[in-house]
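The values are calculated or read from the model by the stated rules, or taken from the named source; none is laboratory data. The structure presented is a predicted model; accordingly, all values stated were derived computationally and were not measured. Every residue, glycine as well, gets a Cβ built from its backbone with ideal geometry; the counts of neighbours run over all protein chains shown.
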Amino acid sequence: MAKRDRLSGNEAVAIALRQINPDVFPAFPITPSTEIPQYFASFVANGLVDTEFIPVESEHSSMSAAIGASAAGARSLTATSSCGLAYMWEELYIAASNRLPLALALVNRALSGPININCDHSDSMGARDAGWIQIYAENNQEAYDNMVQAYRISEHKDVRLPIMICQDGFITSHAVQNIELLDDEDVKNFVGEYEPENYLLNPECPTAVGPYSVTDYYMEAKRSQAEGMKHAKQVVLDVAKEFAGISGRTYGLFEEYAMEDAEYAVVMIGSAAGTTKDAIDRLREQGEKVGLIKIRLFRPFPAEEIAAALKNVKAVAIMDRAESYTGHGGPLGADVMAALYRARAQAFAVNYIYGLGGRDVRVEDMEHVFAVLKQIAADGDAGETYRYLGVRE
């Protein structure tokens, strides 16, 4: 039976992991993800899980150990943030290229420098092309629900890729919200036991993991990864449908908020979507036809579906909480604009960089964005498509 509780995002993720009871959890602390292994270590000490918890000397080591455990046939994971993810960089590619279905609880934090411990998406966006599935949460409930679904997606025989479950540092990781937890037994039955087909410790099937790949094989290996990523999109939807059956909460590739008749839309990722919903509610009361697309699944990127959801809007603002330093926008902006171009969409599109280093995003800021979109549609000209929101020039 479901239980209501008040939890931070970090504690909610840790409880999901307790319910899953993974085999191996190597960990090294870094703000603001430290609480996840801290909470989980208490579960180990109190005998609530039988996970092998391994304190290691660095984030590179934590991902290395998770990879080794997964290759050996164990269900493994680790957690990190920011520079910790950067320190894992080599290992991220190894995990994906070895088609290992392990999980990473990532608490998004600005990547140095200058040194900053607050939220933006520069860490996970920097790793967006490493071959990992990436799923993002707006709030604590979603962080918990996404983690419960993670292994079902990652371990699926048509996918077999590592998965990154992301939430916003401090904004959700440390803020306490009311959430609904599933019954332990329901989670156990939903996730199931991990039964790998091929693994290093299987004496009946000798396996090589991570061999040197000569020119004749490297491209085929990458093509295999790409095929798994293509399949992930449908698996995410199938798992979400089954999850709705035990939770009553529905998930898709993204959430559409007030998009039925929207003429002006915002596309974004993470906790600022809640602020944007408040702005939309205010503007809807004034008769403005505004809406939101909140991305849940960023890798693989649901390009066709997003373009279809935006087909009737006059103008759209794509909001990036990370810079790409391309001179023309951020990573989400690049993907959404490419999707619109391929779909021959007629909407004017602008890309905003916002909220870097934890800068506040207010309801008034998002009302301003919608006002700009309305003016763009009236003028028939997007003007400068690469913009910053809330910065002192």
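Observations
- Any chance THR250 is in contact with a helix residue (DSSP H, G or I) (Cβ under 9 Å, 6 or more places away or on another chain), part of a loop (DSSP other than H, G, I, E, B) and surrounded by fewer than 21 Cβ atoms within 10 Å (Cβ to Cβ): yes
- Unmet requirement for PRO101, which otherwise passes all of (1) touching a helix residue (DSSP H, G or I) at 6+ places or on another chain (Cβ under 6 Å); (2) more than 19 Å from PRO26 (Cβ to Cβ): (2)
- Those residues of region 114-148 which are hydroxyl-bearing (Ser, Thr, Tyr) and either outside the structural domain of GLY9 (by TED's automatic domain parsing) or assigned to a loop (DSSP other than H, G, I, E, B) (or both), in sequence order: none
- Scanning region 1-11 for residues that are touching an Asp or Glu at 6+ places or on another chain (Cβ under 9 Å) and farther than 16 Å from ASP186 by Cα yields ASP5, SER8, GLY9, ASN10, GLU11.
- Test: THR172 is outside any helix (DSSP H, G or I), at pLDDT 95 or above and not hydrophobic (A, V, I, L, M, F, W, C): yes
- Only listed residue being surrounded by fewer than 11 Cβ atoms within 10 Å (Cβ to Cβ), in a loop (DSSP other than H, G, I, E, B), in contact (Cβ under 8 Å) with a residue 12 or more places away in the chain and not aliphatic (A, V, I, L, M), chosen from GLU197, GLU204: GLU197
Here is a yes/no grid of residues against (1) touching a strand residue (DSSP E or B) at 6+ places or on another chain (Cβ under 6 Å); (2) more than 14 Å from VAL107 (Cα to Cα); (3) touching a residue at least 12 places away in the same chain (Cβ under 8 Å):
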| site | (1), (2), (3) |
| --- | --- |
| SER58 | no, yes, yes |
| ALA66 | yes, yes, yes |
| SER70 | yes, yes, yes |
| GLY73 | no, yes, yes |
| LEU85 | no, no, yes |
| ILE94 | no, yes, yes |
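- Only one of the numbered conditions (1) aliphatic (A, V, I, L, M); (2) over 12 Å from VAL267 (Cβ atoms); (3) assigned to a helix (DSSP H, G or I); (4) touching a helix residue (DSSP H, G or I) at 6+ places or on another chain (Cβ under 7 Å) is violated by ILE376, and that is (4).
- Out of GLU304, GLU288, GLU255, GLU260, sole residue that is more than 22 Å from the chain's Cα centre (by Cα), under 28 Å from GLN234 (Cα atoms) and surrounded by fewer than 21 Cβ atoms within 10 Å (Cβ to Cβ): GLU260
- Criterion: assigned by TED's automatic domain parsing to the domain that holds ALA27, of a type in the set (A, V, I, L, M), more than 22 Å from GLN19 (Cβ to Cβ) and not in a helix (DSSP H, G or I) - qualifying residue of LEU85, LEU104, LEU48, LEU111: LEU111
- Condition met for TYR354 (in contact with a Lys or Arg (Cβ under 8 Å, 6 or more places away or on another chain) and among the hydroxyl-bearing types (Ser, Thr, Tyr)): yes
- Residue match in region 357-375 (condition: buried (at least 19 other Cβ atoms within 10 Å of the Cβ), under 24 Å from ALA308 (Cα atoms) and of a type in the set (Gly, Ala, Ser)): no
- Scanning region 50-88 for residues that are surrounded by fewer than 19 Cβ atoms within 10 Å (Cβ to Cβ) and aliphatic (A, V, I, L, M) turns up ILE54, VAL56, ALA72, ALA86.
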